[in-house]
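Here is the structure we will look at, set down as structure tokens.
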Amino acid sequence: MKPKSVRVLMAAAILLTGTSAADAHIIAARLGDFYMGASHPLTDLQDVVLWIATGVLAGTLGASKGRWLIPVFPLGLLAGLALAPVVGTVSTQLADATMMLAIGMLLAAATQVPTLALCAIAFAVAVLRGAANGAELGPETDRLLFAAGLACAGYGVVTLTMALTVVFKRTASDSVTSWRAIAIRALGGWIAAIGLMMASLVLAS
Amino acid sequence: MSLHVPRALTAAIASFALMQPALAHEQAGVAGGLVSGLLHPVTGIDHLIAMVAVGIWGAQLGAPAIWILPITFPLVMAVGGVLGVLHVPLPMPELMIAASAVILGVAVAARLRLPFAAAALIVAIFAIFHGHAHGAELPRAANALAYGVGFVTATGLLHLFGIAIGTLTRWPAGERVIQGLGAGIAGIGCYFLAQGLGAVA
């Protein structure tokens, strides 16, 4: 019995580890562009920093304001993707850096952003990044699948970041000097500093 | 059983090791930018001790300084970085950086209690000089965002390190240790100051 159970475990382990290889085949065959749309932004530092900054900003403002981003952000990504052929391959680096600086400053100052402004910021970020991701589409890519993947990734990242921030901050009426609030504001200061450095480097080059 | 477990483990490890998918997302210079951004503030001793001294002094000053510092310092330093990248000349950058280590070290050693605005002004001036040096020495080929992320993270972590050391002030013996550290920082700063003036080869 015992050797057999070990053998079963071994087989299960091998089967489990083998599943990713099977995924790779699917990617190559049909649903590939969905996964490409979902994974492309997650491997790009600009997307990661900006999306997380947006999620954290929404989370600090509380769930009642932040939950508007759940539809707004993916829709913005889709709008940006639709705009991509119009915009072409214009570099969005300076705009990205400006958005990082703006969101970082709002976070560092612990500003109570109104819901409409929050939605506008998130929509702007989403359109920007959607267009940037769309610019790298090949002619043979299935646009519908890519768009679906991108929207799903955007939905997941923003919702999860927001939820984690809400949980981390615990209460909306937290005092501004509690260490949790300070940690989030310090993160905002760092993001703003990164945006500022990036903007200057883009301008200089 | 005893024989089978290692074999199963070996098999599991082997299958894990063999399944690494090729997920390389080619982005020129991201890794290089991150590494140089992270290492740059840590590799210059004069920068490193000044950053840690700022953290320690902030912790010594207590209430508003200890939490305003981590929020604003990277930002002020990035302003200096912008000046450096754009090659706006600042007077005597090397001397100012060495002097910052001396002054901050003395402030820590003497437990200098300045009003918050004065302390913030001193730290801000030095932060701009430090940022300027980092910006001016930036490798051109590196990815801009990655360099920024690495640079800000390294600076912020150095600060946190200083603040963590600074919490020793809660105990009387720790206070003495910190004053000793401050004196050491001022001493190293003096060496760099002398070097900058050309007294030491």
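What residues qualify as long-range amide H neighbours of A:ALA110, i.e. H under 5 Å apart, gap of 5 or more or another chain, H built at 1.01 Å from N?
Distant-sequence amide H within range of A:ALA110: zero hits.
With the other protein chains left in place, how much accessible area per residue, in square angstrom, belongs to segment B:28-200 at a 1.4 angstrom probe? Provide the component values of the computation, followed by the final result.
Numbers: 7230 Å² over 173 residues.
On a per-residue basis, segment B:28-200 sits at 42 Å².
Starting from the 7 Å offset along Cα-to-Cβ, what nm value, one decimal, do you get for the label separation of A:VAL86 and A:LEU116?
Placing both labels 7 Å along Cα→Cβ, they lie 2.3 nm apart.
How large is ³J(HN,Hα) for each residue in segment B:167-182, as worked out from phi by the Karplus curve 6.51 cos²θ - 1.76 cosθ + 1.60 (θ = phi - 60°), to whole Hz, x for Gly and Pro?
With the stated coefficients, segment B:167-182 comes to 5, 4, 4, 5, 10, x, 5, x, 4, 5, 4, 5, 5, x, 4, x Hz.
Along segment A:191-203, what does the Karplus equation 6.51 cos²θ - 1.76 cosθ + 1.60 (θ = phi - 60°) give for ³J(HN,Hα), rounded to whole Hz, x for Gly and Pro?
Those phi angles translate into 4, 4, 5, 4, x, 5, 4, 5, 4, 5, 5, 5, 5 Hz.
Can you give the net charge of the other residues whose Cβ lies under 15 Å from the Cβ of B:ALA133, counting K and R as +1 and D and E as -1? Let's see the in-between values first.
Working: positive: none; negative: B:ASP46, B:GLU94, B:GLU137.
Around B:ALA133, the surrounding residues sum to -3.
If B:PHE151, A:PHE168 are ordered by their accessible area, calculated over protein heavy atoms with a 1.4 Å probe, which sequence runs from highest to lowest?
Values: B:PHE151 5, A:PHE168 70 Å².
So the residues, ranked largest to smallest area, are A:PHE168, B:PHE151.
Where the accessible area of segment B:28-200 is counted over protein heavy atoms with a 1.4 Å probe, how much of it, in %, is carbon and sulfur? Working shown, then result.
Numbers: 5600 of 7230 Å².
Carbon and sulfur: 78 percent of the exposed surface of segment B:28-200.
Can you compute the equivalent ellipsoid semi-axes for segment B:60-201, i.e. the square root of 5 times each eigenvalue of the Cα gyration tensor, sorted largest first and rounded to whole Å? Show your work: numbers first, answer last.
Details: eigenvalues 140, 76, 37 Å².
So the three semi-axes of segment B:60-201 are 26, 19, 14 Å.
Taking 7 Å along the Cα-to-C-beta vector as the label spot, tell me the B:ALA183-B:LEU95 distance in nanometres, rounded to one decimal.
The answer from the label model is 2.8 nm.
Which value in nm describes the separation of the simple spin-label points at A:LEU42 and A:THR141, placed 7 Å from the Cα toward the beta carbon?
1.7
Taking the Cβ of B:TRP57 as the center, what net charge do the other residues with Cβ under 14 Å away carry, scoring Lys and Arg +1 and Asp and Glu -1?
Summing Lys/Arg as +1 and Asp/Glu as -1 gives +1.
Stretched out fully, how many nm does the piece from B:ARG176 to B:HIS87 gain, at 0.36 nm a residue minus the Cα gap?
So the extension gain works out to 27.9 nm.
May I ask for the accessible area buried between chains B and A, both sides summed, probe 1.4 Å, to the nearest 100 Å²? Walk me through the numbers before you get to the answer.
Numbers: alone 11180 and 11590 Å², together 19670 Å².
Summing both chains' loss of accessible area gives about 3100 Å².
With every protein chain present, what is the per residue accessible area of segment A:29-83 (1.4 Å probe, Å²)?
Details: 2200 Å² over 55 residues.
Per residue, segment A:29-83 has 40 Å² of solvent-accessible surface.
The values are calculated or read from the model by the stated rules, or taken from the named source; none is laboratory data. Just so it is clear, the structure is predicted and the values come from calculations on it, not from any experiment. Don't worry about glycine lacking a Cβ; one is built from the backbone with ideal geometry, like all the others, and counts go over all protein chains shown. Only protein heavy atoms, including side chains, enter the accessible area calculation; ligands, DNA and RNA are left aside. Shrake-Rupley method; radii C 1.70, N 1.55, O 1.52, S 1.80 Å.
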